[in-house]
Each structure stands twice: as C-alpha cells, then as structure tokens.
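Chemist: Can you keep this structure in mind? I'll have questions shortly.
The values are calculated or read from the model by the stated rules, or taken from the named source; none is laboratory data. It should be emphasised that the depicted structure is a prediction, and the values quoted were computed from it without experimental measurement. When we count neighbours, we look across all protein chains shown, and the Cβ atoms used for this are built from the backbone with ideal geometry, even at glycine. Heavy atoms of the whole protein, side chains included, go into the accessibility calculation; ligands, DNA and RNA do not. Shrake-Rupley method; radii C 1.70, N 1.55, O 1.52, S 1.80 Å.
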Amino acid sequence: MCTGGCAKCLGGTLIPLTVFGILANILLFFPGGKVIDNNEHLSEEVWFFGGILGSGFLMIFPVLVFLGLKNNDCCGCCGNERCGKRFAMFTSTIFAVIGFLGAGYSFVISAISINKGSKCLMDNSTWGYPFHDGDHLNDKALWSKCREPENVVSWNLTLFSILLIIAVFQMLLCTIQVVNGLLGTLCGDCRCCGCCRRDGPV
C-alpha cells in the first residue's frame, strides 16, 4: 500500500475512536446514568476533558490531514507546485505527533482516575475519594463505601477504561503514521512515480 493510501486507512480508523472517546467523556458527566445535582460532586478528572480534548478535539486535525493525503496532487498541493507529496507527508508526521500527545493526555488522565477511584458520598456523609492506591480495583467489596451516586464506581471505571483503551489505539495509529509519513517524506508515494514527467511539458 502506498503511503498516502495507508494514511487514509489510518485516518478512517481514527474516526470511530475519536467519536467514542468524546461520547465516553460526555457520559462521565452523568454518573450512574443520572444527572447530578451539584457538579462539584463529579470526579476531578472528568473536568480535564481527556476524551473530549485529548482523544477528541486534538485528534480531529490529524484525522483530516490523514484522510486528505491520498487526494493531494503528486506534483503540488493547494495549487502550489513547489509543495509536493513529500512535504505533505512530512506535515502529516507533525499532526501525527499532535494526535499522539492528545491521546497520551487522555491516557494519563484515565489512568490517574482509574487508580484514584470515583468521588462520591461516603459513610461519614461527606463527598470525597474513599479509595487509596487503586485498592478498589482488586476488592469489589470496597465499592460499598460509595453511597451516592448509585453505581458511580462501576460507571466511572468502565468509561475511563474505555478512554484508556481508545487512547492506546490512537497512540499506536499515530505512531504508525509517523513512520509512514517519514517513509513518504524520504521515498515519496509509489502512486506518484513518474506523474510529473507524464503531465509536464515534453
């Protein structure tokens, strides 16, 4: 597969991951599937917008660039003959790094939240974090420390785990595009071989 076609394939794969990341983050604002009375009772990590900002917004630009690479003119882009396919592929590596950093941000936020646990109403009738050092991950009985919102522990754990997995796949795909983009920069696109000679003046 040519480097442009590979980039388009990666961009298409990133689209559903980006959408699911945004949706997962939005659902975190409704712990247990219910509207919470006070937003201060939401876990802090929800407000860092790992899925919306990291796996979502910052991933949109790489997706658009990847999808557009195959349609770029081999001998120029945006009407500029000096801007060739190699430069376009090089640009894609920059956006791939941006996407990697965005996914990495979402990964870190999700990992911290999973280890920290959910913010909830505890047995002493105060809101806080009843878990320590991820102890709730190995002992489901500890989940009873959270009185409200109902099922908030499993809700947050599931959604942050989804965000974590999405971030891992996004980082992997962006890494592949960095390699693909560098290959396209150094070697060009196989689809472009000889096109300038065919289309140019004899």
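Chemist: For every other residue with a beta carbon closer than 14 angstrom to the beta carbon of Ser144, add +1 if it is Lys or Arg and -1 if Asp or Glu, then tell me the sum.
Modeler: -2
Chemist: Moving to a separate point now. How do the peptides 93-100, 126-133 rank, highest first, by the average count of neighbouring beta carbon atoms within 10 Å per residue?
Modeler: 93-100, 126-133
Chemist: What net charge do the residues around Thr126 carry, taking every other residue with its C-beta under 14 Å from that of Thr126, with Lys and Arg at +1 and Asp and Glu at -1?
Modeler: My count for the surroundings of Thr126 gives 0.
Chemist: Of the listed peptides 170-176, 39-45, what is their order by residue-averaged count of other C-beta atoms within 10 Å, with the highest listed first?
Modeler: 170-176, 39-45
Chemist: All other residues with a Cβ under 12 Å from the Cβ of Asn156 taken together, and with Lys, Arg as +1 and Asp, Glu as -1, what is their net charge?
Modeler: Neighbour charge sum, excluding Asn156 itself: 0.
Chemist: Specify the inter-centroid distance of region 153-176 and region 95-128, based on alpha-carbon positions, in whole Å.
Modeler: 11 Å
Chemist: Applying 1/(1 + (r/R0)^6) with R0 = 35 Å to the Cβ-Cβ distance of Val97 and Glu44, what FRET efficiency is obtained, to the nearest 0.05?
Modeler: According to the calculation, E is roughly 0.80.
Chemist: Now, a different point. Give me the extension gain from Asp123 to Lys140: residue separation times 0.36 nm, minus the current Cα-Cα distance, reported in nm with one decimal.
Modeler: 4.5 nm
Chemist: Can you work out the accessible area per residue across region 91-160, with the rest of the protein chains kept in place, probe 1.4 Å, in square angstrom?
Modeler: Per residue, region 91-160 has an accessible area of 50 Å².
Chemist: Given R₀ = 30 Å, what would the calculated FRET efficiency be for Glu148 paired with Val19, taking r from the Cβ atoms and rounding to 0.05?
Modeler: After rounding, the FRET efficiency stands at 0.50.
Chemist: What whole-number distance in Å separates the alpha-carbon centres of region 22-36 and region 44-58?
Modeler: Region 22-36 and region 44-58 have Cα centres separated by 13 Å.
Chemist: Here's a follow-up. Using the Cα centre as the reference, give the magnitude of the dipole from point charges on the C-beta atoms of region 1-73 (Lys, Arg: +1; Asp, Glu: -1; all else neutral), rounded to the nearest 20 debye.
Modeler: Value, rounded to 20: 400 debye.
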